[in-house]
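Visitor: Quick one: the structure is below, questions incoming.
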Amino acid sequence: MSTRSATDIDPKHSVSVGLIAGISIIFMGLVGLAVGLNERILIDPILSLGYLFLLAVPLGAGYIAANETVLEGMQAPEKGTRDIVAGALAGLAGGAMVGLFLILLDTVDLSEKMPAWGDRLLDMLSFNQGVGGGVVVAALVGTVLGALGGAIHVLKDEPRRVIKIVIISVLSFAILEAIVDDVLGEIGLKPVAKFLYSKSGGLSVLPAILVGIVALGFAIGFKGKGDELKTRYDTMEEAERKQVNKYALIAVVVAAVVLPMLLGKIVNELLANVGLFVLLALGLNIVVGRAGILDIGYVAFFAVGAYGMAVLTTPEAPWRINDTLVHDIFGWLPVLPWLVALPIVVVMTGFVGLLIGTPVIRMRGDYLAIVTLGFGEIIRLLFLSDWLSPTLGGSQGIRNIPGVNVGVTEINGTKPQYVFYLVAVFVAIAIYISHQMETSRIGRAWMAIREDEPVAEAMGINTVTTKLIAFVTGAVLASFSGAIFAAKVGSTFPNSFLLLVSIIILVVVIVGGMGNIPGVILGAVVLIGILGGPKQPGLLAEFSQFKLLIYGALLVFMMLKKPEGLLPNAARTRELHIDEALQDAWLKGDKPSSEDEVATA
Amino acid sequence: MSLLDINNVTITFGGLTAIDDLNFHVDEGEIVSVIGPNGAGKTTFFNLITGLSTPDSGEILLDGESLIGLDPNEITARGVGRTFQNVRLFPQMTILENVMVAQHCRTNQKVLGPIFRTKAYKEEEALIRKNAEEVLGFFGTRLTGYRLNQPAFVLSYANRRRLEIARAMATQPRLLMLDEPVAGMNPMETAELTELIGKLRSEWGFTIVIIEHDMRLVRDVSDRVVVLDHGETIAQGSYEHVSTHPDVIEAYLGRSAGDK
Ligand SMILES: Nc1ncnc2c1ncn2[C@@H]1O[C@H](COP(=O)(O)OP(=O)(O)OP(=O)(O)O)[C@@H](O)[C@H]1O
Ligand SMILES: [Mg+2]
């Protein structure tokens with residue numbers, strides 16, 4: 001086979017990929033994302049979050065432009081200069097487009113229509129070189145990054161893995177700044193933190209390089225060690241594995257107890273929020289991931305949990321003060337402490353789940369999704385309504401909700417560390433419940449229903465009851481979250497329970513890995529922890545106004561590229577990639593063993 | 001009284017009368033084969049009994065009690081187990097899980113059992129597991145051992161058919177209905193399954209209705225053969241009787257134009 005020439009590319013493809021990249025960059029600029037995220041420095045002074053986003057585009061474009069689909073039976077095309085050229089061309093096209101945009105930005109003034117239009121955007125896109133220099137620099141940077149993106153194809157697997165680890169490590173250190181800083185400060189290593197992070201935020205250049213080198217060392221030194229450990233774990237004796245699991249559990253518990261002690265208020269607050277969403281995601285995971293019920297009104301149960309707790313534990317709750325029917329009937333009820341109220345709240349939410357679930361559960365697919373969405377909104381509007389406002393406070397909500405009295409102290413929003421502990425306890429309970437249910441008779445029935453509902457029914461499964469159990473279990477887990485939320489925030493407003501919350505939890509479950517407990521937890525930690533919840537800031541607080549844009553983009557990306565999520569459930573992966581799974585099984589030599597099967601296979 | 005009694009059952013789909021005023025019965029311990037050309041209404045007949053379709057008129061009685069209007073799961077719970085002509089396993093579930101889940105209507109642990117790991121729950125799980133291994137063991141080593149934890153879709157075609165039967169057995173039926181159990185199997189596998197069907201009655205005590213196109217199997221296992229055509233019984237009796245019946249031959253070979 002002769003070597004391919006560097007010009008063996010599809011210029012039209014490269015250029016169109018490049019132009020799309022250019023449009024993406026301009027879009028990011030015009031919505032204000034580029035400049036907005038420029039405030040957050042990742043590596044001082046060379047890389048901000050804004051630039052990370054901008055520069056990732058031509059890199060990705062180069063990669064895509066140089067990508068060639070290898071069809072089955074086709075020989076994988078040779079990699080080489082050709083990929084770099086294809087990538088560079090895409091980068092150049094994108095850069096040129098940005099260059100044109102710079103000229104436009106300089107000559108026309110549209111700042112009235114578009115607030116992001118202006119000098120700051122121009123400075124950023126031109127790397128402070130003005131228009132003339134900017135055009136040249138944009139084209140240059142685009143070309144170089146595009147070429148780099150194309151060059152990824154040329155790399156062998158091993159260096160690719162190493163580079164990936166190095167980049168992820170450096171970025172993680174930059175993103176986790178708040179946590180690392182807190183921990184180092186608390187264990188008396190303040191000077192190390194000072195050395196790592198610059199005053200204006202972000203890793204300094206030298207430590208960034210050091211982190212990179214250390215990561216490089218680890219990546220090379222521990223090559224294949226992860227797989228090795230996994231095989232060893234997989235081939236262990238049952239008793240030995242149990243032992244290992246026990247140690248792992250102890251380690252996790254110790255970490256969950258000790259880590260928050262080393263962290264400041266802000267980070268603990270963030271962890272507590274993540275925990276609340278982990279709880280919600282675990283609950284929704286049972287409903288959507290296990291039983292296959294697409295519930296888009298899940299926030300309703302979170303709301304009922306929060307309001308239930310507020311109503312029962314608040315001395316000045318509206319219904320106690322105002323002269324209402326509820327007051328007349330329940331006025332004798334004493335103000336309950338959180339722990340006593342919790343079982344009532346759980347039962348109440350479970351009951352609401354039953355009430356909503358009963359009519360809804362017989363529907364299928366899209367209809368069910370729409371109706372649950374409706375119920376979610378109805379619950380919120382009830383809380384908001386004038387009719388119930390003497391009881392539940394209307395838009396004013398319920399305020400001055402007391403915290404959780406646990407004897408030694410009262411857990412409330414001013415002590416995020418304790419809130420985190422409280423949440424952690426309930427997360428542990430939720431994980432236990434999820435796991436026990438999944439592996440039980442009902443869990444198997446959920447799986448069967450998800451796979452083939454009519455057949456499941458023909459095999460003796462009462463699908464209505466079984467699905468209702470999933471729905472109500474999900475509601476109960478959400479009520480835990482709501483109950484803690486009320487005590488933590490100290491107030492509940494209808495506006496805390498928008499449809500958006502349901503959607504974000506759903507995205508968390510999908511991105512994390514539907515049907516898989518560790519996956520769902522990872523999803524919540526990564527998304528809520530870094531991007532932030534609907535109203536809660538994450539580690540990258542600068543995302544705030546672009547959060548939804550990024551959530552949406554992420555969802556689209558995941559659905560296209562990795563529909564099974566970050567940490568997929570084994571069965572779900574097979575479902576989504578069934579052909580590949582069949583092929584793998586066949587290649588692994590999992591061929592029929594007896595002669596008769598060969599005949600019919 | 002028969003185990004299953006079907007009296008004057010009719011069902012139409014749009015203009016098509018799939019089952020036309022059908023009468024049918026199965027006695028306890030009998031093996032009855034239902035044969036007939038493609039589109040005769042055999043599968044529809046199964047669907048009516050198992051509650052997947054509801055007849056327009058007529059009655060279906062199991063042990064004297066009507067099955068009409070019951071949900072499919074209730075009918076299964078009353079003791080009717082079935083397989084599907086087009087093999088409908090739960091493909092992503094393991095072989096063991098496929099059979100465990102089919103015992104749903106024979107067990108009752110719900111939420112509190114698994115959460116508090118009660119004694120009753122553990123005992124029930126152990127029983128489910130034991131029953132599952134027992135029905136799978138019915139097919140020798142074909143569905144056991146390392147196969148237990150493989151997803152069902154990796155099975156060969158013949159093994160999928162076997163697993164379908166195992167799954168129906170796991171529902172602990174009195175009446176077991178097999179829709180073309182050997183379709184797609186080679187002669188050796190067919191012979192083997194023929195023998196097993198005999199054991200399903202002698203060792204497991206099931207009463208069996210089989211839809212089958214393989215005439216050798218029909219001949220070897222059936223006490224009685226019922227021939228359907230256009231939703232009507234055109235003949236019934238012993239295999240010898242039916243196989244020489246002129247109407248049956250006509251139904252299979254087609255009518256001459258003059259008769260219409
Ligand atoms: N749900 C339905 N809706 C409309 N028509 C149906 C339906 N189910 C069955 N039919 C029709 O009823 C007739 C009988 O179908 P059935 O599947 O019972 O035949 P069968 O005897 O099982 O045939 P085969 O030997 O091919 O399996 C066919 O004409 C079929 O098209
Ligand atoms: Mg049929």
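The values are calculated or read from the model by the stated rules, or taken from the named source; none is laboratory data. Owing to the predicted nature of the structure, the values given are computational and were not obtained by experimental measurement. Here the Cβ positions follow ideal geometry from the backbone for every residue, glycine too, while neighbour counts run over all protein chains shown. Surface areas here come from the heavy atoms of the whole protein model, side chains and all, with no ligands, DNA or RNA. Shrake-Rupley method; radii C 1.70, N 1.55, O 1.52, S 1.80 Å.
Visitor: Could you grab me the full set of residues in region A:425-438 that are facing chain B (nearest Cβ under 9 Å) and hydroxyl-bearing (Ser, Thr, Tyr)?
Guide: A:TYR432
Visitor: Could you please let me know if B:MET185 is within 10 Å of chain A (Cβ to nearest Cβ) and either open to solvent by less than 40 Å² (accessible area, probe 1.4 Å) or free of Cβ contacts under 8 Å to residues at least 12 places away in the same chain (or both)?
Guide: Against the criterion (within 10 Å of chain A (Cβ to nearest Cβ) and either open to solvent by less than 40 Å² (accessible area, probe 1.4 Å) or free of Cβ contacts under 8 Å to residues at least 12 places away in the same chain (or both)), B:MET185 qualifies.
Visitor: Would you please name the residue that is nearest to the other protein chains (Cβ to nearest Cβ), looking only at residues in region B:152-172 that are surrounded by fewer than 23 Cβ atoms within 10 Å (Cβ to Cβ) and not in a helix (DSSP H, G or I)?
Guide: Applying the filter and picking the extreme gives B:SER156.
Visitor: Follow-up. Would you mind stating whether B:GLY205 is part of a loop (DSSP other than H, G, I, E, B), out of contact with any Cys (no Cβ under 9 Å at 6 or more places or on another chain) and farther than 23 Å from B:PHE45 by Cβ? Break it down stepwise before answering.
Guide: On the way: part of a loop (DSSP other than H, G, I, E, B): yes; out of contact with any Cys (no Cβ under 9 Å at 6 or more places or on another chain): yes; farther than 23 Å from B:PHE45 by Cβ: yes.
The answer is yes for B:GLY205.
Visitor: Determine whether region B:152-159 contains at least one residue that is in the same structural domain as B:GLY58 (by TED's automatic domain parsing) and more than 16 Å from ligand 2 (Cβ to nearest atom). It would help to see each step written out before you state the result.
Guide: Taking region B:152-159 first, the residues in the same structural domain as B:GLY58 (by TED's automatic domain parsing) are none.
Within region B:152-159, none of the residues are in the same structural domain as B:GLY58 (by TED's automatic domain parsing) and more than 16 Å from ligand 2 (Cβ to nearest atom).
Visitor: With the requirement that a residue be more than 16 Å from ligand 1 (Cβ to nearest atom), away from every other protein chain (no Cβ under 14 Å) and within 23 Å of B:GLY29 (Cα to Cα), what does region B:53-67 give you?
Guide: B:GLU59, B:LEU61, B:LEU62, B:ASP63, B:GLY64, B:GLU65, B:SER66
Visitor: What tally of residues in region B:208-238 results from selecting those that are within 16 Å of ligand 1 (Cβ to nearest atom) and either part of a helix (DSSP H, G or I) or within 14 Å of chain A (Cβ to nearest Cβ) (or both)?
Guide: Selection size over region B:208-238: 3.
Conditions tested, residue by residue: (1) modelled with pLDDT of 95 or more; (2) polar (S, T, N, Q); (3) touching a helix residue (DSSP H, G or I) at 6+ places or on another chain (Cβ under 8 Å).
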{"residue": "B:ILE75", "(1), (2), (3)": "yes, no, yes"}
{"residue": "B:PHE84", "(1), (2), (3)": "yes, no, yes"}
{"residue": "B:GLN92", "(1), (2), (3)": "no, yes, yes"}
{"residue": "B:GLN103", "(1), (2), (3)": "yes, yes, yes"}
{"residue": "B:LYS130", "(1), (2), (3)": "yes, no, no"}
{"residue": "B:GLY137", "(1), (2), (3)": "yes, no, no"}
{"residue": "B:PRO151", "(1), (2), (3)": "no, no, yes"}
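Visitor: Okay, next question. Applying the selection to region A:439-457, what residues are in a helix (DSSP H, G or I), more than 7 Å from chain B (Cβ to nearest Cβ) and under 25 Å from B:PHE116 (Cα atoms)?
Guide: Passing the criteria: A:GLY443, A:TRP446, A:ILE449.
Visitor: From (1) within 16 Å of ligand 2 (Cβ to nearest atom); (2) open to solvent by less than 50 Å² (accessible area, probe 1.4 Å), pick out the condition that doesn't hold for B:PRO72.
Guide: With (1) within 16 Å of ligand 2 (Cβ to nearest atom); (2) open to solvent by less than 50 Å² (accessible area, probe 1.4 Å) applied to B:PRO72, the lone miss is (1).
Visitor: Pull out all pairs, ordered by first then second residue, where Cβ-Cβ is under 9 Å, the residues are six or more apart or on different chains, the first lies in region B:89-102 and is over 15 Å from B:ILE128 (Cβ atoms), and the second is acidic (Asp, Glu) and open to solvent by less than 10 Å² (accessible area, probe 1.4 Å).
Guide: B:LEU89/B:GLU164
Table: residues versus (1) farther than 26 Å from B:ALA77 by Cβ; (2) touching a Pro at 6+ places or on another chain (Cβ under 7 Å); (3) within 15 Å of ligand 1 (Cβ to nearest atom).
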site: B:ILE6; (1), (2), (3): no, no, yes
site: B:ASP20; (1), (2), (3): yes, no, yes
site: B:VAL26; (1), (2), (3): no, no, no
site: B:VAL34; (1), (2), (3): no, no, yes
site: B:ASN47; (1), (2), (3): no, no, yes
site: B:GLY51; (1), (2), (3): no, yes, yes
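Visitor: Six or more apart or on different chains, Cβ under 8 Å: which pairs go from a residue in region B:37-65 that's closer than 21 Å to B:VAL225 by Cβ to one that's away from ligand 2 (no atom under 16 Å from the Cβ) and in a loop (DSSP other than H, G, I, E, B)? Could you list them?
Guide: So the pair list comes out as B:LEU48/B:THR54; B:LEU48/B:PRO55; B:ILE49/B:LEU67; B:ILE60/B:LEU67; B:ILE60/B:ILE68.
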